[in-house]
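Encoded as structure tokens, the structure appears first; notes follow it.
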Amino acid sequence: QVQLVESGGGLVQPGGSLRLSCAASGSTFSINVMGWYRQAPGKQRELVATITRGGTTDYADSAKGRFTISRDSAKNTVYLQMNSLKPEDSSVYYCNFRDFTGGRTYWGQGTQVTVSS
């Protein structure tokens, strides 16, 4: 079992920055990919960024150049640094843990990000 604890969401003005954190605990010693997804009201959940244990990253086109995902193995934590935020970035952001060893997917509780003046 993996537990994901998220933090860092909030209200920010357009052009501002936020850093989301997701601390994973439990059975995290596996072949896995962690990432961030977001889901706005009436929309499907979409990929924002992912990162492997080896540091390989993948970004949605909308996030490239503005968002940076990173992973701290010692703290078992993944981060999403979001810069130059736009109103369309407003969403509930979910931390994701894909456990390929156990064939399971885990989700955080979600943290609200609102970009507004």
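The values are calculated or read from the model by the stated rules, or taken from the named source; none is laboratory data. Keep in mind that what you see is a predicted model, and the values were worked out from it rather than measured. Glycine also receives a Cβ, built like all others from the backbone with ideal geometry; neighbour counts cover every protein chain displayed. For accessibility, only protein heavy atoms count, side chains too; no ligands or nucleic acids. Shrake-Rupley method; radii C 1.70, N 1.55, O 1.52, S 1.80 Å.
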(request) Please enumerate the residues belonging to the stretch 19-31 that are surrounded by fewer than 21 Cβ atoms within 10 Å (Cβ to Cβ) and touching a residue at least 40 places away in the same chain (Cβ under 8 Å). (result) R19, S21, A23, S25, S27, T28, S30, I31
(message) Quick test of your reading of the structure: K43 fulfils all but one of (1) open to solvent by 90 Å² or more (accessible area, probe 1.4 Å); (2) more than 23 Å from Q13 (Cβ to Cβ). Name the failing condition by number.
(response) (2)
(request) Please work out if N96 is among the polar types (S, T, N, Q), open to solvent by 20 Å² or more (accessible area, probe 1.4 Å), farther than 25 Å from Q13 by Cβ and in contact (Cβ under 8 Å) with a residue 40 or more places away in the chain. (result) no
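For G54, state whether it is part of a loop (DSSP other than H, G, I, E, B), in contact with a Ser or Thr (Cβ under 7 Å, 6 or more places away or on another chain), open to solvent by less than 80 Å² (accessible area, probe 1.4 Å) and not aliphatic (A, V, I, L, M).
Values: part of a loop (DSSP other than H, G, I, E, B): yes; in contact with a Ser or Thr (Cβ under 7 Å, 6 or more places away or on another chain): no; open to solvent by less than 80 Å² (accessible area, probe 1.4 Å): yes; not aliphatic (A, V, I, L, M): yes.
No; evaluated as a whole, the condition is false for this residue.
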(request) Would you point out the residue of the stretch 2-47, among those that are at positive phi and not in a strand (DSSP E or B), that is nearest to the chain's Cα centre (by Cα)? (result) G8
(request) Could you tell me which numbered condition G10 fails, if it satisfies all but one of (1) open to solvent by 60 Å² or more (accessible area, probe 1.4 Å); (2) modelled with pLDDT of 95 or more? (result) (1)
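A quick yes/no check of all residues on (1) part of a loop (DSSP other than H, G, I, E, B); (2) open to solvent by less than 40 Å² (accessible area, probe 1.4 Å); (3) among the small types (G, A, S); (4) touching a residue at least 60 places away in the same chain (Cβ under 8 Å):
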| residue | (1), (2), (3), (4) |
| --- | --- |
| A49 | no, yes, yes, no |
| D58 | no, no, no, no |
| S62 | yes, no, yes, no |
| Y79 | no, yes, no, yes |
| T105 | no, no, no, no |
(request) Check Q109 against each of (1) touching a Ser or Thr at 6+ places or on another chain (Cβ under 9 Å); (2) assigned to a loop (DSSP other than H, G, I, E, B); (3) closer than 17 Å to G10 by Cβ and name the one condition it does not meet. (result) (1)
(request) Count, please, the residues in the stretch 81-103 that happen to be among the aliphatic types (A, V, I, L, M) and part of a strand (DSSP E or B). (result) 2
